[in-house]
Amino acid sequence: MKKYAQNLTEKIISEHLVRGRMETGTEIFLKVDSTLVHDMSGTLAYIGFEAMGIDKIQVPAAVTFQDHNLVAMDHRSLDDHRFVASAARRYGSILSKAGNGICHSVYYSRIGRPGTVLAGADSHSATAGALGMLGVGLGGLDVSAIMGGEPMELKMPAVIGVEVKGRLKPGVSAKDAALWLLKQLSVKGGVGKVLEYFGEGVENLSVPQRATIANMGAEMGATSSVFPADEAVRRFLKAQGREEDYLELAADPGAVYRLRLTLDLSRIVPSVAVPPMPDQVKSVREAGPVKVDQVYIGSCTNGSYYDLARAARVLEGRRVHPDVNLLVSPSNRQVYQMLLEDGSIGQFIRAGARIMECGCGPCIGLGQAPPTGGVSVRTSNRNYRGRCGTADASVYLTGPETAAATAVLGYLAEPGDVMEDLTELERVAEPEKYPVDDSLLFCYGQKTEQTELIKGPNIREMPVKGPLDANIGARVVLKAGDNITTDDIIPPGPEVLTLRPNIPALSRYLFQKIDPGFADRAEEYGCSVIVAGENYGQGSSREHAAIGPMYLGVKAVLAKSISRIHRSNLINYGIVPVLFAHPADYEAISAGDELMMEDAPGQLLGGDGTVRLRNLTTGRDIPGTVSFTDKELELLLAGGLLPYIHNRHNGGVKP
Ligand code: MIC
Ligand code: SF4
């Protein structure tokens, strides 16, 4: 029974708690209402699900999206689409067909409900928090286990209360507010935390604007982002023809937050994240008139009707600068339809923009890579080096109005630099009725069909690791710095991303952009360890960043800190994550050093949270810290989730 004033995150968690105590940092297990996988994360998630030998998905609403890799340069992309579609059909998932839109946008518009919990095999699953629900990004195998009926396992997050005040000024967007928060919190300030929004200013943000802010919690490393379910959510669900899904939800009066921040919307100005990190935020004025080659307006962050219609107003009666390519991509086909009906698409075309299909594409380097050394202004969420597909391009992140003004002038500019009267933008209102057409959402949820899984030649057997070695003797194959992203580990772009279901081929590309010799060296060493600084593995949820290194013999990652999703991916693939007890010891290790962790199982099971490694090359001891749940220890001892399941079912997976 509830004894104290709860914040909304605590309320949702307590409603879903199946095991554990709600004490910050301790392990909790939550009942999950829905899952999300897509054509890139879903391939491994369904291979994992198949390995579990379960006939039918056990969560009430599983959704499978074909949205990420729509380029189809050869058979492999559509082989993956066909595979996830066959799995959706066989195991009972809703399928959102290619063309329907980006998973997060379709999910909050058509599927999510206030008060529920989503486990998504995608780092931006917290976008659903715009509806007053808890969306958590996980690795694909964790989502397979949840589809199989397991609860979601999490460390109870600390809840940061973000008090929202005031109203955005004309020409300033929700993206600018998200960038302001990133500047305050940095790319690791949200780790272990949920960002919960409350206060009088929340009502001045529509659901799509809230989705933009919730989405970028991922860039702060946050476990999730949660808005209240209030009148704006009711209006949105009503406009989507599903008012019956509405449930009013807010924090109790007097609810306590671990930390509080004030976001005063009226003080936010047009802003930009300069390369190569989303937290390198400046005002557009401070950043100066950087000359631009390409502008991309779209993605799960800023592809809503509201975003694109406002960008179209900035372009009204104006033309895209001759040196700029302007790409516009609606986040889903409902948005596309509305832009057609209200004349915005005509405005884009008259201005000289190029309209693209509804999907992820350029955001992840799948098409529209900028030219060599080029500058791209994007409304997406990540500007990591190389993510756009061009290693030496510079990506600046802005809101849609700023991006449109930039496209007109050819250099980084504010909307006020091209429009005399910014209040004209206020003509774009949240629609009272969205055109609802779910004909590309196929509901295989209720009934499974005895169809075969259709695997193309690119979908290979999953490599499975053996049990944890008694002694881990391994050479340092890479000494990396801070904030290494999973885009650094698995480079984006069609060449590599289409290899994701083929681990032997994919592993050749690991760290290719930052250390082209990695794969050869890892093979030569046989057993190796990666040493890294802070926030290792931040960014996308792709578990290939763990399975690839596992395949090449990486046994442990020794870092100052490791991001939440990547840490659990490492464990799922039997790689031991260890943190430096003294961050200064990082300096005393060099690439190529030989490290030894004697009696690894004994040390991990020792239970005091410490482990000892020895640098055999320098003769120096390196104390490390570990903190594993009982389940995580079992996984590590078994060699990862698949061998663990195999051991449990004895025959589920063939190692
Ligand atoms: C991304 O934005 O990096 C992706 C592609 O959506 C990933 C998912 C994946 O790599 O499978 C994410 O954010 O988790
Ligand atoms: Fe797609 Fe980009 Fe959003 Fe990832 S961040 S889901 S690639 S649009």
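So if I check each of Met22, Met1, Met52, which one is modelled with pLDDT of 95 or more and not charged (D, E, K, R)? If you could, list the steps in order and put the result at the bottom.
Details: Met1 fails: modelled with pLDDT of 95 or more; Met52 fails: modelled with pLDDT of 95 or more.
Answer to the check: Met22.
Scan the range 606-639 residue by residue and report those that are part of a loop (DSSP other than H, G, I, E, B), at negative phi and either open to solvent by 30 Å² or more (accessible area, probe 1.4 Å) or touching a Pro at 6+ places or on another chain (Cβ under 9 Å) (or both).
Going residue by residue through the range 606-639, those that are part of a loop (DSSP other than H, G, I, E, B) are 606-609, 616-619, 626-629, 639.
Narrowing further to those that are at negative phi: 606, 608, 616-618, 626-629.
Selection gives Gly606, Asp608, Leu616, Thr617, Thr618, Val626, Ser627, Phe628.
For residues that are part of a helix (DSSP H, G or I) and either touching a Cys at 6+ places or on another chain (Cβ under 9 Å) or open to solvent by 20 Å² or more (accessible area, probe 1.4 Å) (or both), tally how many sit in the range 572-602. So that I can check it myself, show each step before the final result.
Here is the first cut: in the range 572-602, the residues part of a helix (DSSP H, G or I) are 572, 583-588, 600-602.
When the remaining residues are screened for being either touching a Cys at 6+ places or on another chain (Cβ under 9 Å) or open to solvent by 20 Å² or more (accessible area, probe 1.4 Å) (or both), the result is 583-584, 586-588, 601-602.
Residues in the range 572-602 being part of a helix (DSSP H, G or I) and either touching a Cys at 6+ places or on another chain (Cβ under 9 Å) or open to solvent by 20 Å² or more (accessible area, probe 1.4 Å) (or both): 7 in total.
Does Ser439 count as free of Cβ contacts under 8 Å to residues at least 40 places away in the same chain, open to solvent by 10 Å² or more (accessible area, probe 1.4 Å) and either in contact with a Phe, Trp or Tyr (Cβ under 8 Å, 6 or more places away or on another chain) or among the small types (Gly, Ala, Ser) (or both)? Full working, then the answer.
Working: free of Cβ contacts under 8 Å to residues at least 40 places away in the same chain: yes; open to solvent by 10 Å² or more (accessible area, probe 1.4 Å): yes; either in contact with a Phe, Trp or Tyr (Cβ under 8 Å, 6 or more places away or on another chain) or among the small types (Gly, Ala, Ser) (or both): yes.
Answer is yes for this residue.
Going by what's in this entry, would Thr390 be described as open to solvent by less than 10 Å² (accessible area, probe 1.4 Å), of a type outside the set (A, V, I, L, M, F, W, C), away from ligand 2 (no atom under 15 Å from the Cβ) and at negative phi?
On the way: open to solvent by less than 10 Å² (accessible area, probe 1.4 Å): no; of a type outside the set (A, V, I, L, M, F, W, C): yes; away from ligand 2 (no atom under 15 Å from the Cβ): yes; at negative phi: yes.
Judged against the criteria, Thr390 is not a match.
Taking only pairs six or more apart or across chains, which ones have beta-carbon atoms under 6 Å, a first residue in the range 327-349 that is free of Cβ contacts under 8 Å to residues at least 60 places away in the same chain, and a second residue that is surrounded by fewer than 22 Cβ atoms within 10 Å (Cβ to Cβ) and in a loop (DSSP other than H, G, I, E, B)?
Close Cβ pairs (under 6 Å, with a partner that is surrounded by fewer than 22 Cβ atoms within 10 Å (Cβ to Cβ) and in a loop (DSSP other than H, G, I, E, B)) amount to Leu327/Met356; Leu327/Gln368; Ser329/Met356; Gln347/Glu316.
Could you tell me which of the residues Tyr246, Tyr257 is aromatic (Phe, Trp, Tyr) and open to solvent by 30 Å² or more (accessible area, probe 1.4 Å)? If you could, list the steps in order and put the result at the bottom.
On the way: Tyr257 fails: open to solvent by 30 Å² or more (accessible area, probe 1.4 Å).
Checking each option against the conditions leaves just Tyr246.
On the given criteria, is Asp79 over 24 Å from Ile547 (Cα atoms) and acidic (Asp, Glu)?
no
Can you name the residue in the range 310-328 that is farther than 20 Å from Pro362 by Cα and assigned to a helix (DSSP H, G or I) and is also nearest to ligand 2 (Cβ to nearest atom) among such residues?
This residue is Arg310.
Which one is surrounded by the fewest Cβ atoms within 10 Å (Cβ to Cβ), of the residues in the range 15-34 that are over 21 Å from the mean Cα position of the chain (by Cα) and of a type in the set (Asp, Glu)?
Glu23
Pick from Tyr336, Tyr384: which is within 16 Å of ligand 2 (Cβ to nearest atom), farther than 23 Å from Asp487 by Cβ and surrounded by 21 or more Cβ atoms within 10 Å (Cβ to Cβ)? Explain how you work it out, then say what you get.
Values: Tyr384 fails: farther than 23 Å from Asp487 by Cβ.
So the residue among Tyr336, Tyr384 that is within 16 Å of ligand 2 (Cβ to nearest atom), farther than 23 Å from Asp487 by Cβ and surrounded by 21 or more Cβ atoms within 10 Å (Cβ to Cβ) is Tyr336.
Please go through the range 35-69 and pick out each residue that is open to solvent by less than 10 Å² (accessible area, probe 1.4 Å), part of a strand (DSSP E or B) and over 20 Å from Pro362 (Cα atoms).
Of everything in the range 35-69, those that are open to solvent by less than 10 Å² (accessible area, probe 1.4 Å), part of a strand (DSSP E or B) and over 20 Å from Pro362 (Cα atoms) turn out to be Thr35, Leu36, Ala62, Val63, Thr64.
Considering only the range 148-232, give the strands (runs of 3 or more DSSP E) lying wholly within it that have at least 1 residues that are of a type in the set (A, V, I, L, M), open to solvent by less than 20 Å² (accessible area, probe 1.4 Å) and out of contact with any helix residue (DSSP H, G or I) (no Cβ under 7 Å at 6 or more places or on another chain).
Values: elements: 152-155, 158-165, 193-198, 224-226.
Because the criterion is at least 1 residues that are of a type in the set (A, V, I, L, M), open to solvent by less than 20 Å² (accessible area, probe 1.4 Å) and out of contact with any helix residue (DSSP H, G or I) (no Cβ under 7 Å at 6 or more places or on another chain), the strands (runs of 3 or more DSSP E) in the range 148-232 that meet it are 152-155, 158-165.
Identify, from the list Lys465, Lys513, the residue that is within 16 Å of ligand 1 (Cβ to nearest atom), open to solvent by 10 Å² or more (accessible area, probe 1.4 Å), part of a loop (DSSP other than H, G, I, E, B) and farther than 22 Å from Asp74 by Cα. Please lay out each step first, then the result.
Numbers: Lys465 fails: within 16 Å of ligand 1 (Cβ to nearest atom).
Exactly one residue qualifies, and that residue is Lys513.
With respect to Ala505, is the statement that it is more than 16 Å from ligand 1 (Cβ to nearest atom), without any contact (Cβ under 8 Å) to a residue 60 or more places away in the chain and either assigned to a helix (DSSP H, G or I) or surrounded by 22 or more Cβ atoms within 10 Å (Cβ to Cβ) (or both) true? Quick ask: steps written out before the conclusion?
Working: more than 16 Å from ligand 1 (Cβ to nearest atom): yes; without any contact (Cβ under 8 Å) to a residue 60 or more places away in the chain: yes; either assigned to a helix (DSSP H, G or I) or surrounded by 22 or more Cβ atoms within 10 Å (Cβ to Cβ) (or both): yes.
For Ala505, the condition - more than 16 Å from ligand 1 (Cβ to nearest atom), without any contact (Cβ under 8 Å) to a residue 60 or more places away in the chain and either assigned to a helix (DSSP H, G or I) or surrounded by 22 or more Cβ atoms within 10 Å (Cβ to Cβ) (or both) - is met.
If you take the residues of the range 483-521 that are under 19 Å from the mean Cα position of the chain (by Cα) and among the acidic types (Asp, Glu), which of them is farthest from ligand 2 (Cβ to nearest atom)?
Asp488
If you check Gly359 against the conditions, is it within 16 Å of ligand 1 (Cβ to nearest atom), at pLDDT 95 or above, closer than 22 Å to Asn100 by Cα and open to solvent by less than 10 Å² (accessible area, probe 1.4 Å)?
Working: within 16 Å of ligand 1 (Cβ to nearest atom): yes; at pLDDT 95 or above: yes; closer than 22 Å to Asn100 by Cα: yes; open to solvent by less than 10 Å² (accessible area, probe 1.4 Å): yes.
Here the answer is yes, as Gly359 does meet what is asked.
Just to check your reading of the model, which residue among Leu315, Leu259, Leu308, Leu265 is over 23 Å from Val187 (Cα atoms) and within 27 Å of the chain's Cα centre (by Cα)? Please lay out each step first, then the result.
Numbers: Leu315 fails: within 27 Å of the chain's Cα centre (by Cα); Leu259 fails: over 23 Å from Val187 (Cα atoms); Leu265 fails: over 23 Å from Val187 (Cα atoms).
Only one candidate passes the filter, namely Leu308.
What pairs can you find where one residue is in the range 112-125 and among the β-branched types (Val, Ile, Thr), the other is in a strand (DSSP E or B), and their Cβ atoms are less than 8 Å apart, with a gap of 6+ or different chains?
Pairs that qualify, where the first residue is among the β-branched types (Val, Ile, Thr) and the partner is in a strand (DSSP E or B), are Thr116/Ser34; Thr116/Leu134; Val117/Leu30; Val117/Ser34; Val117/Leu134; Val117/Gly135; Val117/Val136; Val117/Met152.
For the range 132-145, indicate whether the set of residues that are more than 16 Å from ligand 1 (Cβ to nearest atom), open to solvent by 10 Å² or more (accessible area, probe 1.4 Å) and touching a residue at least 24 places away in the same chain (Cβ under 8 Å) is non-empty.
We begin by selecting, within the range 132-145, every residue more than 16 Å from ligand 1 (Cβ to nearest atom); these are 132-134, 145.
Okay, now just the ones that are also open to solvent by 10 Å² or more (accessible area, probe 1.4 Å), so 145.
In the following step, the residues that additionally are touching a residue at least 24 places away in the same chain (Cβ under 8 Å) were identified as 145.
So far as the range 132-145 goes, yes, one or more of its residues are more than 16 Å from ligand 1 (Cβ to nearest atom), open to solvent by 10 Å² or more (accessible area, probe 1.4 Å) and touching a residue at least 24 places away in the same chain (Cβ under 8 Å).
Can you confirm whether Ala61 is more than 16 Å from ligand 1 (Cβ to nearest atom) and closer than 30 Å to Gly241 by Cα?
Numbers: more than 16 Å from ligand 1 (Cβ to nearest atom): yes; closer than 30 Å to Gly241 by Cα: yes.
Yes: the conditions hold for Ala61.
The values are calculated or read from the model by the stated rules, or taken from the named source; none is laboratory data. Not measured: the values here are computed from a predicted model. Counting neighbours? That spans all protein chains shown, and the Cβs are built from the backbone with ideal geometry, glycine included. Areas reflect the complete protein model, heavy atoms only, side chains present, ligands, DNA and RNA absent. Shrake-Rupley method; radii C 1.70, N 1.55, O 1.52, S 1.80 Å.
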